[in-house]
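Data first, discussion second: the structure below is written as structure tokens.
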Amino acid sequence: MRSAFRSQAPRYPEDWTDFPAGEQIKQAITQVCDDYTQRIFGYHFVKLGSLSAQIPLKQSPIRNIISQVPYSAMHVSRDNLSDSTISSAEGMEGVNSSSQGLEDAKHQHGKLSDATLSNTLTDSHTFMGKDSSASPKIVGQSHQLPFSENSIDGFLLANELDFAQDPHEILREVDRVITQSGYVIISGFNPLSLAGIAKFLPVKRDNKLHDARFFTSYRIKDWLQLLGFEIVEQRQIMFSTLFFQPRWEYSKNIQHYLSAYFPWCSAMYVILARKRVMPMTAIRPKLQLKRQFSPVGAASARTSSYNKAES
């Protein structure tokens, strides 16, 4: 399998407004996620990355939803934290809140220590801050998840793999902490589209879309299947170049027509996959072993044939 590691990390988008058609992309992904999340049940759901954190999951039956974003998206510094907040953070079990840990998180080199998920969900926003209109946030890298194994029921990776230096490492971490029947939602840019062609054109070079990896959906599904995920559904959305602000609202009929007859040329795709773990079953022994060779039968057969020859 060809490696997806890149020596230089792409420019990371902190908001959907970093793209010309960011709001339209966000709305299209939100509509699909509203449908997908209604099928996901459990106790804990994680939105991984800055773009994922801004996707509202209002239709999700899971109430414990937490966002993990990089430090650059939080703009958290030790000077902005009150003494009471720091002292309460230092007593947390789910976060490495020592002085060195705070500095490491500030420079995106630290890793949140492993602990029980309940402590992390209840206390993490005390250290990182909590927006009244958003889910609690944890500062951390996507390839270093501070959750226990087999503890998360669902993940949302909204174009997180497109701006990852090593997407394989992120998926391995997701596979480590997801439950045996957990779900993962992944959205990405389609290279076989007008947006994929515009990526190589000398237009709007300052746009962060030029740094996106543009993995094909077949490649993403291949990675998931190697990790034991079953592809449940895939939807093609956003038939646009994405590099320009749309000046007119796309008709739903046109979008539906293109999605039905030309799905390969959509600018984006959204994949829903489920983790499958096959249980090991013991091999039952046979009730009675059938003998393959009987010396008594062979001896009697030789005797009868000898008697027939003499007569």
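The values are calculated or read from the model by the stated rules, or taken from the named source; none is laboratory data. All of these numbers come straight from a predicted model, not from anything done at the bench. Every residue, glycine as well, gets a Cβ built from its backbone with ideal geometry; the counts of neighbours run over all protein chains shown. These accessible areas exclude ligands, DNA and RNA; they are computed on the full protein's heavy atoms, side chains included. Shrake-Rupley method; radii C 1.70, N 1.55, O 1.52, S 1.80 Å.
So, taking all protein chains as they sit and a 1.4 Å probe, how much accessible area belongs to Phe229, in Å² rounded to tens?
It works out to around 10 Å².
With the cut-off at 31 Å, tell me which of the pairs Lys58/Lys199; Lys204/Lys275; Lys26/Lys275; Lys58/Lys204 have Cα atoms farther apart than that.
Over 31 Å apart, Cα to Cα: Lys58/Lys199; Lys204/Lys275; Lys58/Lys204.
³J(HN,Hα) across the stretch 199-210 via Karplus (A = 6.51, B = -1.76, C = 1.60, θ = phi - 60°), whole Hz, x for Gly/Pro?
Rounded to whole hertz, the list is 4, 9, 8, x, 10, 6, 5, 7, 6, 5, 5, 5.
Which of the peptides 157-164, 45-52, 169-176 is most tightly packed, and how do the rest follow, judged by the mean count of other Cβ atoms within 10 Å per residue?
Per-residue Cβ counts within 10 Å, averaged per peptide and sorted highest first, yield 45-52, 157-164, 169-176.
When the solvent-accessible surface of protein heavy atoms is calculated with a 1.4 angstrom probe, in what order do His143, His168 fall, highest first?
Sorted descending by solvent-accessible area, the residues read His143, His168.
Go through Ile178, Ile254 and list them by solvent-accessible area, largest first, probe radius 1.4 Å.
Ile254, Ile178
Given the peptides 196-207, 21-32, arrange them by the average over their residues of other C-beta atoms within 10 Å, most packed first.
Answer by packing, highest mean first, reads 21-32, 196-207.
Tell me, what HN-Hα J-couplings in whole Hz come from the Karplus equation 6.51 cos²θ - 1.76 cosθ + 1.60 at θ = phi - 60° for each residue of the stretch 261-278, using x for Gly and Pro?
Once θ is set to phi - 60°, the couplings for the stretch 261-278 become 10, 9, x, 5, 9, 6, 6, 9, 9, 10, 10, 10, 10, 10, 6, 10, 10, 7 Hz.
How big is D for the stretch 139-283, in µm² s⁻¹ as a whole number, if Stokes-Einstein is applied with the Kirkwood radius of its Cα pairs at 37 °C and 0.692 mPa s?
197 µm²/s
Let a ≥ b ≥ c be the square roots of the eigenvalues of the Cα gyration tensor of the stretch 18-60; is it rounded (a/c under 1.5), or, if not, prolate (a/b larger than b/c) or oblate?
Verdict is oblate for the stretch 18-60.
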